[in-house]
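Asker: Before I ask anything, let me first share the structure, which is written out below as structure tokens.
The values are calculated or read from the model by the stated rules, or taken from the named source; none is laboratory data. What you see is a predicted model; the values in this text were computed from it and never measured. A quick note on method: Cβ atoms are made from the backbone with ideal geometry, for glycine too, and the neighbour counts reach across all protein chains shown.
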Amino acid sequence: MADTLVLGLGNEIIADDGAGIFAARALTERLAGKADVVESALCGMALLDLFLGYRHAIIIDAVQTLRCPPGTIHALTPGDLDAVQAPSPHYAGLPEMLALAKQLNLDFPQEINILALEVVDPYTIGGALSEPVKEALPELVRRVEELVGQWEDSGPVDGNELEKLPAGLSM
Amino acid sequence: MSSKVTVDPITRLEGHGKIDIFLNNDGNVERAYFQVPELRGFEKFAEGRPAEEMPQITSRICGVCPTAHHMAATKALDDLYHVDPPASAKKIRELVYSTFFVEDHALHFFFLGGPDFIVGPTAPKAERNILGVLGKVGLEIGKEVIGLRKQLRGLIALAGGKVIHPVLGLPGGVARTLSKEDQQQFIAGADHAVEFALFSLKIFNDVVLKNADYMKWIVSDTYTHQTYYMGMVDANNKVNFYDGQIRVVTPDGKEYRKFRAQDYLTHVAEHVEPWSYIKFCYLKEVGWKDFAEGPESGVFSVAPLARLNASDGMATPRAQEAYEGFFKALGGKPVHHTLANHWARLIELLYAAERMQQLANDPEIINPVVRTLPTETPTEGIGVVEAPRGTLFHHFNTDARGVITTANLIVATQNNAARIAMSVDKAAKGVIKSGKVDDGILNMVEMAFRAYDPCHGCATHALPGQMPLRVRIFDAQRQLVQEIKRDG
């Protein structure tokens, strides 16, 4: 198990929603030995298991804000998202998941970055990736590699820092 | 209330909604509309593909209940190829399916629906989440839920290969056998699940049933509809998630119809409204009489409460006890209170866990013969299961090579759509007075649909930067006067 998780979210058979998945596939070999690249179509709290045990995580996903051109990459951290409150309990999201992990003292990444690609059509089953999304994928892949590279360069963690890590879940 | 737009890419959707509320001159609600976007193109996507891909493909259209789609499609393939799987294969399928049910119902109760009742419908917004739930019931419970789900997901992966996109079902059987060691793991998981389910019911009993305020909301007219109910039952009319006949009961609880999945088109039809993408299912022989209650209206409901109403009991002993307690406490059958879905879900959680225990201990589960090879020419196949969110139909027609010519899915939330729309409308009318809408009031409206655990898009897809839920309030002149975005 690597220290870094790269998590591609989305659904490859639903048009642009597959962006995160295709980016993850492109990264699997490139990041071999540096990060674990995982794909998921799940949502909300169901993702929690995937983060356990990693020090860093990068989430790649599709978004549709309609406030910037398709193909734009939004670089976010959990701090950019509103705190604890999920929009409704049904849509439990990342901020809530992080708050829960902290509260339960789970072994969770200390640093999470989100790269979200602005997409055109995240709704059509069987739809192909749109042109702007296709064109933006190499840049998305490059940005992920860059982030992983930065963590690698920061060198090994010293012992004192390790002691501060929360205890893992015994299951 | 905020109009800030937040991008939360991790808030994966289980379908997001929009509620438009129209007020009259007094500021009271004239009508509230609950709208949802819908994924497009499944039927077209399926056409021209081999039917055998359907269990994998349909499981990919939903990131919430992939196992339900996988199982419905697998059963449709049995029907398509006219093949009856051996008993061992049916039991393995049902064992995996029960495991999935435990996992899904447990998640819903504690993480998604629990905040409404364990924390309370009128609690401050900041507390109505899983942390608020754990604040009430103890942090250890959080670890317990996470630990149990991890164990159960491990079991599903053990039998099915992948949790997210299972590869278990084949026409006529399953793809792999279970070893004695696998069986032991399932037994351990089942024992854990039963213990957890009993504990969850105890929490519900202590925190909700003993709280007069909560009970008042559960039985209030605001959250009550007298409709037909649909659910799958076994030969003894007991609830069954994996196999059986579809039973429908009238608003006064009498059996109205009992039919095989293959006959669903005789009994279920779809109504289209100009304001919604969702097709509203109704009972064809009763007819569509608008969004109305009572025996003259074809509106029906599915999901936990409906399943309990449509059956004569549960097939396992402890769940049966809980079933009897449920109807006794709520005034007999049928129960029409939408919010009672939360309680019904926990009774089903216990049934799923007990059923898992029965099947895991069944010697046939490790029988090495797990498939009957199909030999007949495929034509038409219809499969049904009870998904956690209600009855789920898959229907495929193919050519003689087994290539799909037409496909139709009726998902649980579509079966429930008319009653959900009515629930949102009625709740809005019940809690919005003189034009006053704030976060607490909005939550009371949301509770009306959350109890059904709707999954409208039946897929996970990118989150529009706006909101999972946008509420717009219009005055009597149809002018937009207020907009609330639930944006975290």
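Asker: If you check A:Glu152, A:Glu161, A:Glu131, which single one turns out to be on the phi < 0 side of the Ramachandran plot, modelled with pLDDT of 95 or more and surrounded by fewer than 17 Cβ atoms within 10 Å (Cβ to Cβ)?
Answerer: Only one candidate qualifies: A:Glu131.
Each row is one residue, and each column tells you yes or no for (1) more than 22 Å from the chain's Cα centre (by Cα); (2) within 11 Å of chain A (Cβ to nearest Cβ); (3) not hydrophobic (A, V, I, L, M, F, W, C).
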| residue | (1), (2), (3) |
| --- | --- |
| B:Pro86 | yes, no, yes |
| B:Ser98 | no, no, yes |
| B:Glu103 | no, yes, yes |
| B:Gly114 | no, yes, yes |
| B:Gly142 | yes, yes, yes |
| B:Arg153 | no, yes, yes |
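So that you can scan it fast, the table gives a plain yes or no per residue for (1) assigned to a strand (DSSP E or B); (2) without any contact (Cβ under 8 Å) to a residue 40 or more places away in the chain; (3) within 21 Å of the chain's Cα centre (by Cα):
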position: B:Tyr229; (1), (2), (3): yes, no, yes
position: B:Thr266; (1), (2), (3): no, yes, no
position: B:Ala269; (1), (2), (3): yes, yes, yes
position: B:Tyr277; (1), (2), (3): no, no, yes
position: B:Cys281; (1), (2), (3): yes, no, yes
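Asker: Follow-up. Given B:Asp213, B:Asp206, B:Asp243, which one is among the acidic types (Asp, Glu) and outside the structural domain of B:Leu107 (by TED's automatic domain parsing)?
Answerer: On inspection, the qualifying residue turns out to be B:Asp243.
Asker: Please give the number of the condition A:Arg30 fails out of (1) out of contact with any helix residue (DSSP H, G or I) (no Cβ under 7 Å at 6 or more places or on another chain); (2) modelled with pLDDT of 85 or more.
Answerer: (1)
Asker: Identify all residues within segment B:458-488 that are at pLDDT 80 or above and at positive phi; write none if there are none.
Answerer: Residue satisfying the conditions is B:Arg478 alone.
Residue by residue, here is whether (1) at pLDDT below 90; (2) under 30 Å from B:Phe449 (Cα atoms); (3) at the interface with another protein chain (Cβ under 8 Å from one of its Cβ atoms); (4) surrounded by fewer than 22 Cβ atoms within 10 Å (Cβ to Cβ) holds:
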| site | (1), (2), (3), (4) |
| --- | --- |
| A:Ile14 | yes, yes, yes, no |
| A:Phe51 | no, no, no, yes |
| A:Ile58 | no, no, no, no |
| A:Ala62 | yes, yes, yes, no |
| A:Pro70 | no, no, no, yes |
| A:Gly93 | yes, yes, yes, no |
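Asker: Somewhere in segment B:384-394, is a residue within 20 Å of B:Met232 (Cβ to Cβ), of a type in the set (Ser, Thr, Tyr) and out of contact with any helix residue (DSSP H, G or I) (no Cβ under 6 Å at 6 or more places or on another chain)?
Answerer: Within segment B:384-394, the subset within 20 Å of B:Met232 (Cβ to Cβ) is B:384-394.
Still in the running and of a type in the set (Ser, Thr, Tyr): B:391.
Checking which are out of contact with any helix residue (DSSP H, G or I) (no Cβ under 6 Å at 6 or more places or on another chain) leaves us with none.
No; the residues of segment B:384-394 include none that is within 20 Å of B:Met232 (Cβ to Cβ), of a type in the set (Ser, Thr, Tyr) and out of contact with any helix residue (DSSP H, G or I) (no Cβ under 6 Å at 6 or more places or on another chain).
Asker: Further question on the same structure: Would you check which residues across segment B:406-456 are among the basic types (Lys, Arg) and crowded, with 21+ Cβ neighbours inside 10 Å and list them? Let's see the steps before the verdict.
Answerer: Keep residues of segment B:406-456 that are among the basic types (Lys, Arg), which gives B:419, B:426, B:429, B:433, B:436, B:450.
The answer is B:Arg419, B:Lys426, B:Arg450.
Asker: Let me ask something else about it. Being assigned by TED's automatic domain parsing to the domain that holds B:Leu158, part of a helix (DSSP H, G or I) and out of contact with any helix residue (DSSP H, G or I) (no Cβ under 9 Å at 6 or more places or on another chain) narrows it down to one residue among B:Ala89, B:Ala106; which is it? Show your work before the answer.
Answerer: Values: B:Ala106 fails: out of contact with any helix residue (DSSP H, G or I) (no Cβ under 9 Å at 6 or more places or on another chain).
From the options B:Ala89, B:Ala106, the qualifying one is B:Ala89.
Asker: For segment B:360-383, how many residues meet the condition of being surrounded by 19 or more Cβ atoms within 10 Å (Cβ to Cβ) and more than 30 Å from B:Gly189 (Cβ to Cβ)?
Answerer: Going through segment B:360-383 one residue at a time, the tally reaches 4.
Asker: I'm checking my understanding of the structure. Among residues of segment B:440-457 that are within 10 Å of another protein chain (Cβ to nearest Cβ) and either modelled with pLDDT under 80 or assigned to a loop (DSSP other than H, G, I, E, B) (or both), which one is farthest from B:Trp343 (Cα to Cα)?
Answerer: In this case the residue turns out to be B:Gly457.
Asker: If I go through segment B:245-264 residue by residue, how many of them are touching a residue at least 60 places away in the same chain (Cβ under 8 Å) and assigned to a helix (DSSP H, G or I)?
Answerer: Result for segment B:245-264: 3.
Asker: Another question, if that's okay. Does B:Val167 qualify as being under 23 Å from B:Asp78 (Cα atoms), among the β-branched types (Val, Ile, Thr) and surrounded by fewer than 17 Cβ atoms within 10 Å (Cβ to Cβ)? Walk me through it before giving the result.
Answerer: Details: under 23 Å from B:Asp78 (Cα atoms): yes; among the β-branched types (Val, Ile, Thr): yes; surrounded by fewer than 17 Cβ atoms within 10 Å (Cβ to Cβ): yes.
For B:Val167, the condition - under 23 Å from B:Asp78 (Cα atoms), among the β-branched types (Val, Ile, Thr) and surrounded by fewer than 17 Cβ atoms within 10 Å (Cβ to Cβ) - is met.
Asker: Of everything in segment B:43-86, what is among the aliphatic types (A, V, I, L, M) and not in a helix (DSSP H, G or I)? Give them in sequence order.
Answerer: Those that are among the aliphatic types (A, V, I, L, M) and not in a helix (DSSP H, G or I): B:Ile61, B:Val64, B:Val83.
Asker: A follow-up question, please. Restricting segment B:305-329 to residues that are aliphatic (A, V, I, L, M) and touching a strand residue (DSSP E or B) at 6+ places or on another chain (Cβ under 6 Å), which is nearest to B:Asn205 (Cα to Cα)?
Answerer: B:Met314
Asker: If you don't mind, there's one more thing I want to ask. Would you tally the residues in segment B:120-131 being more than 9 Å from chain A (Cβ to nearest Cβ) and without any contact (Cβ under 8 Å) to a residue 60 or more places away in the chain?
Answerer: Within segment B:120-131, the first condition is being more than 9 Å from chain A (Cβ to nearest Cβ), and the residues that meet it are B:120-124, B:127.
From the residues that got through so far, the ones that are without any contact (Cβ under 8 Å) to a residue 60 or more places away in the chain too are B:123-124, B:127.
Qualifying residue count, segment B:120-131: 3.
Asker: Also: Just checking, which of A:Val6, A:Val38 is outside any helix (DSSP H, G or I) and surrounded by fewer than 21 Cβ atoms within 10 Å (Cβ to Cβ)?
Answerer: Values: A:Val6 fails: surrounded by fewer than 21 Cβ atoms within 10 Å (Cβ to Cβ).
Matching residue, one of A:Val6, A:Val38: A:Val38.
Asker: Sort out which residues of segment B:24-66 are at pLDDT 90 or above and acidic (Asp, Glu), and write them in order of number.
Answerer: Across segment B:24-66, the qualifying residues are B:Asp26, B:Glu30, B:Glu47, B:Glu52, B:Glu53.
Asker: Okay, next question. Restricting segment B:301-322 to residues that are surrounded by 24 or more Cβ atoms within 10 Å (Cβ to Cβ) and not small (Gly, Ala, Ser), which is farthest from the chain's Cα centre (by Cα)?
Answerer: Just the residues of segment B:301-322 that are surrounded by 24 or more Cβ atoms within 10 Å (Cβ to Cβ), to begin with: B:301-311, B:314, B:319, B:322.
Restricting the remaining residues to those that are not small (Gly, Ala, Ser) gives B:302, B:304-305, B:307-309, B:314.
Numbers: B:Val302: 8, B:Pro304: 7, B:Leu305: 10, B:Arg307: 11, B:Leu308: 13, B:Asn309: 15, B:Met314: 18 Å.
Across segment B:301-322, the extreme among qualifying residues is B:Met314.
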